[in-house]
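What follows is a set of notes on a single structure, which appears directly below.
The values are calculated or read from the model by the stated rules, or taken from the named source; none is laboratory data. Keep in mind the model is a prediction, meaning the values are calculated, not measured. Note: ideal-geometry Cβ built from the backbone for every residue, glycine included; neighbour counts use all protein chains shown. Heads up: the accessible areas ignore ligands, DNA and RNA and are worked out on the full protein's heavy atoms, side chains in. Shrake-Rupley method; radii C 1.70, N 1.55, O 1.52, S 1.80 Å.
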Amino acid sequence: MKTFNHFGLTDFLEDASFRAWVFGEATDEVAWEWEQFPILHPDRAPVFKKAREILRAVEGDTFTVPAPRIRQNIRQIMEDTEPAAFEQPRPWYQSAPWRWAAAAAVLLMVAWFGWQRTRSLADPSTQVYHQLTAESKTPLDEVTNSTSKNRLVLLDDGSSVLLQPNSRISFPKQFNQHDRREVYLTGEAFFEVAKNPEKPFFVYADNLITKVLGTSFTVRANGKDQVNVIVKTGKVSVFTRNDHNRVEKQQSRQLIGLVLTPNQRALFHREDGRLLRSLVEAPELLDLPIQQPIFEFTSTPIAAVFRTLEKAYGVEIVYDAEVMKNCYLTASLDDEPLFEKLNLICGTLDAHYEQMDAKILISSKGCP
Amino acid sequence: MIEAAYTAHPSDEQLWQQFREGNRRAFEQIITRHYTSLFRFGTRFTKDIGLIEDCLHDLFVYIWEKRQSVGSTDSIRKYLFKSFRHKMLLELQRAYRRGWVSEDEAAELAPEQNFEDTLFFLENERLTTHKIKEAVSHLPVRQQEALYLRYFEGLDIDQIAQIMTINRQSVSNHLHKALTFLREHWEDFTIPLLILCLSR
């Protein structure tokens, strides 16, 4: 039997049974007792009513969704954390950050956690790399960056790759003989892929395949336990090499499979082969200068523009500073490949560029 | 008030331990136990159901991924409320920066409203029972939140302090101020009401 020695406001508020009654969660018996309270204790009825009003006010305009919907949401969470989650991914248009997918471009990163500074041939990422490049039917070019700086690699299709230290990339000498663009990576790189929906671009890194229909992304792959694919802008699809629907996913004109949109990431766990999707909670993972929005120019002297590009791509740009001293650029460049950026800049300034070794030569008659 | 229903289930410590060991059923049980109250708590910050659901989805996916590295907890509810609250505020700020949240919702993110104005408004307006709701809604948001967590969710001061990432004393102050305010302004109309009751 409950005791009802309530006098002050907080006596009521602090009583869990009273609160349960107000919020409609009390048993019939308890509810009946509380309903009798103001009748049995008219002197305390005002405080009683006051406490009830306060609780209702505290509940405010909060609400819940219907139970079936909650069950569905919970099922979704269970499915998305299921070890085989990548087999039946949530349609991309239902996924959480789709609302934030505005840009069409892709900035993607495959990151390895458990980074090893001194990688040996034994590390799984490199093993896979050797295996895949050996199996490739087309002759491949390989670029290794053993320096401590980023190295710019320009691909035949106009895409640019910023290869990070201790990284290696293989790619066909010419893409146009193939119906898809396939590159192999171990280590880390930032990709800006030239748009060509006819020829999807694939990055093979460790056990993951990342498919892009256009634009730009980063891949980092050197570590142990997990591969991490992060999308900054745009859309890519990710699947494992062991995926039995892999052929279909690769050949589809759409991006199917685990589709990632901005601020989403796919985590691949090596030991159990699971591929999971989640939100990026630390956007600072995208910390390369090139990934920052630094390509906003408003009446910027051309020297400063070129300096920005040199820094972002680690490339030397040669131009006549004296001739171009009156040239200013107003442009908003984002994640198009370096060549497209140069095309845009040169188009605006009526200049031309050519590539020579690792340098970009700009020729211009100057600006009025 | 909700705790009572759970006494037949394993304790939080046991459940959490099972979850950290990768027990899927324990994980599902945790979600099922807390989803509704977390959702309701979310509606304090925004009325965007989709956003709340997304935050909850991502929160649970995240803790599943991180289950091996999360620490032990004496109260799963506290842990979830704290993480969820943090995430909601972060996402709302992000959404606001992108211009997807109305001004009203963004204003709720402001740490304190102009309480003086409210006070002035209430001093001049005679408070009656149906006005209590309004009075509560005019309290500073953090006082409202503390009231909600204490009296709707039945959490204790320590738990609220951790969820709201403020110290115990601040929680007590919020609650005390809120109740004092409501009590004081209530006296204005309790007397006629009392007379009415006694005269019956």
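Per-structure values
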{"quantity": "Flag for A:S160 being loosely packed, with under 14 Cβ neighbours inside 10 Å and within 23 Å of A:E316 (Cβ to Cβ)", "calculated": "no"}
{"quantity": "Residue count for the stretch A:18-32, restricted to those that are surrounded by 17 or more Cβ atoms within 10 Å (Cβ to Cβ) and either more than 7 Å from every other protein chain (Cβ to nearest Cβ) or not in a helix (DSSP H, G or I) (or both)", "calculated": "5"}
{"quantity": "Condition broken by A:P46, with the remaining ones in (1) within 18 Å of B:G154 (Cα to Cα); (2) within 8 Å of chain B (Cβ to nearest Cβ) satisfied", "calculated": "(1)"}
{"quantity": "Residue that is most open to solvent (accessible area, probe 1.4 Å) [pool: residues in the stretch B:179-200 that are modelled with pLDDT of 60 or more and either within 9 Å of chain A (Cβ to nearest Cβ) or touching a strand residue (DSSP E or B) at 6+ places or on another chain (Cβ under 9 Å) (or both)]", "calculated": "B:R183"}
{"quantity": "Within the stretch A:33-57, considering residues that are touching a Ser or Thr at 6+ places or on another chain (Cβ under 9 Å) and either of a type in the set (S, T, N, Q) or open to solvent by 40 Å² or more (accessible area, probe 1.4 Å) (or both), the one nearest to B:L179 (Cα to Cα)", "calculated": "A:E53"}
{"quantity": "Qualifying residue in the stretch B:60-67 (condition: surrounded by fewer than 19 Cβ atoms within 10 Å (Cβ to Cβ), within 22 Å of the chain's Cα centre (by Cα) and outside the structural domain of B:S137 (by TED's automatic domain parsing))", "calculated": "yes"}
{"quantity": "Counted residues, the stretch B:41-52 - those being farther than 15 Å from B:I163 by Cα and either under 15 Å from the mean Cα position of the chain (by Cα) or surrounded by fewer than 21 Cβ atoms within 10 Å (Cβ to Cβ) (or both)", "calculated": "7"}
{"quantity": "Hits in the stretch A:1-17 (condition: part of a loop (DSSP other than H, G, I, E, B), within 10 Å of chain B (Cβ to nearest Cβ) and more than 16 Å from B:D156 (Cβ to Cβ))", "calculated": "A:G8"}
{"quantity": "Cβ-Cβ under 7 Å pairs, at least 6 apart or on other chains, the stretch B:25-44 side within 10 Å of chain A (Cβ to nearest Cβ) and in a helix (DSSP H, G or I), far side open to solvent by 10 Å² or more (accessible area, probe 1.4 Å) and of a type in the set (S, T, Y)", "calculated": "B:T36/A:T64; B:F39/A:T64; B:R40/A:T62; B:R40/A:T64"}
{"quantity": "Residue pairs meeting the criteria (Cβ under 8 Å; at least 6 apart or on separate chains; first within 9 Å of another protein chain (Cβ to nearest Cβ), in the stretch B:135-154; second open to solvent by less than 10 Å² (accessible area, probe 1.4 Å) and outside any helix (DSSP H, G or I))", "calculated": "B:A135/B:L127; B:L147/B:L139"}
{"quantity": "Failed condition for B:D158, given (1) within 8 Å of another protein chain (Cβ to nearest Cβ); (2) under 27 Å from B:S75 (Cα atoms)", "calculated": "(1)"}
{"quantity": "Residue in the stretch A:300-311 that is closer than 20 Å to A:A194 by Cα and either in contact with a strand residue (DSSP E or B) (Cβ under 7 Å, 6 or more places away or on another chain) or modelled with pLDDT under 80 (or both) present", "calculated": "yes"}
{"quantity": "Test: A:A57 is at the interface with chain B (Cβ under 9 Å from one of its Cβ atoms), farther than 30 Å from A:A266 by Cβ, among the hydrophobic types (A, V, I, L, M, F, W, C) and in contact with a Pro (Cβ under 7 Å, 6 or more places away or on another chain)", "calculated": "no"}
{"quantity": "Filter pass, A:R99 being at the interface with chain B (Cβ under 9 Å from one of its Cβ atoms), at pLDDT below 85 and touching a Gly at 6+ places or on another chain (Cβ under 9 Å)", "calculated": "yes"}
{"quantity": "Scope the stretch B:1-19; condition at pLDDT 90 or above and open to solvent by less than 60 Å² (accessible area, probe 1.4 Å); matching residues", "calculated": "B:L15, B:W16, B:F19"}
{"quantity": "Unmet requirement for A:L342, which otherwise passes all of (1) closer than 21 Å to A:V193 by Cβ; (2) in a loop (DSSP other than H, G, I, E, B)", "calculated": "(2)"}
{"quantity": "Wholly within the stretch A:133-208, strands (runs of 3 or more DSSP E) carrying at least 3 residues that are more than 21 Å from the chain's Cα centre (by Cα) and under 23 Å from A:Q355 (Cα atoms)", "calculated": "A:140-145, A:151-154, A:167-172"}
{"quantity": "The one condition in (1) at pLDDT 85 or above; (2) outside any helix (DSSP H, G or I); (3) more than 8 Å from chain B (Cβ to nearest Cβ) that A:T64 fails to fulfil", "calculated": "(3)"}
{"quantity": "Unique residue being open to solvent by less than 20 Å² (accessible area, probe 1.4 Å) and over 23 Å from B:K47 (Cα atoms) when the list is A:T81, A:T62, A:T10", "calculated": "A:T81"}
